[in-house]
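K.L.:
This structure is in structure tokens; I'll ask about it shortly.
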Amino acid sequence: MKRPIGVQIKGSIYSNDGKDLKHDEFLDAFIEFIDRKGWSFGGGSSQVDEEGNKIDDIV
């Protein structure tokens, strides 16, 4: 059986309106998108600042 070929994502996602994007807010939308497409995701994510440095989750 052929193994599926997927996509690896490396990068940061920011809000276009200048507001902070909360980690939980992003994850909820991302998981909804993945589920809606019938795809799966394996990996991790973290909250980052405007320079891409990992920070504690904002609330």
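Each reported figure results from applying straightforward, stated rules to the coordinates on display, with no laboratory input. Keep in mind that this is a model prediction, so the values were computed, not measured. Here Cβ is always computed from backbone atoms with ideal geometry, including for glycine, and neighbour counts include all displayed protein chains.
K.L.:
By how many nm would the segment from GLU50 to ASP28 lengthen if fully extended, with 0.36 nm per residue of separation less the alpha-carbon distance? Provide the component values of the computation, followed by the final result.
P.N.:
Numbers: separation 22, 0.36 × 22 = 7.92 nm, distance 2.09 nm.
Here the segment from GLU50 to ASP28 would lengthen by 5.8 nm.
K.L.:
Another one. With n ≥ 4 as the cut-off for DSSP H runs, can you work out [θ] at 222 nm for the chain, using -39500 (n - 2.57) per run divided by the number of residues, rounded to the nearest 500? Mind dumping the intermediate values first?
P.N.:
Values: 1 runs with 15 residues, N = 59.
Result for the chain: -8500 deg cm²/dmol, rounded to the nearest 500.
K.L.:
If the reach is capped at under 30 angstrom between alpha carbons, list the lysines near LYS54, excluding any in the same chain fewer than eight residues apart.
P.N.:
LYS10, LYS19, LYS22, LYS37
K.L.:
A further question follows. Quick check on the exposure proxy: order LEU21, LEU27 from fewest to most C-beta atoms within 10 angstrom. Walk me through the numbers on the way to the answer.
P.N.:
Details: LEU21 17, LEU27 11.
Listing LEU21, LEU27 from fewest to most nearby Cβ atoms yields LEU27, LEU21.
K.L.:
OK, next. Note the full-extension length gain between ASP20 and LYS37 as 0.36 nm times their separation in residues minus their Cα-Cα distance, in nm to one decimal.
P.N.:
On the way: separation 17, 0.36 × 17 = 6.12 nm, distance 2.63 nm.
Additional length available on full extension: 3.5 nm.
K.L.:
Give me the angle, in degrees from 0 to 90, between the Cα long axis of helix 23-37 and the longest principal axis of the Cα atoms of the chain, rounded to the nearest 10.
P.N.:
20
K.L.:
In the chain, once you exclude exposed trypsin sites (Lys or Arg not before Pro) (DSSP loop, at most 11 other Cβ within 10 angstrom), what's the longest stretch remaining? Don't skip to the answer; put the middle values down first.
P.N.:
Numbers: sites that count: LYS2, LYS10, LYS19.
By the stated rule (loop sites, at most 11 other Cβ atoms within 10 Å), 20-59.
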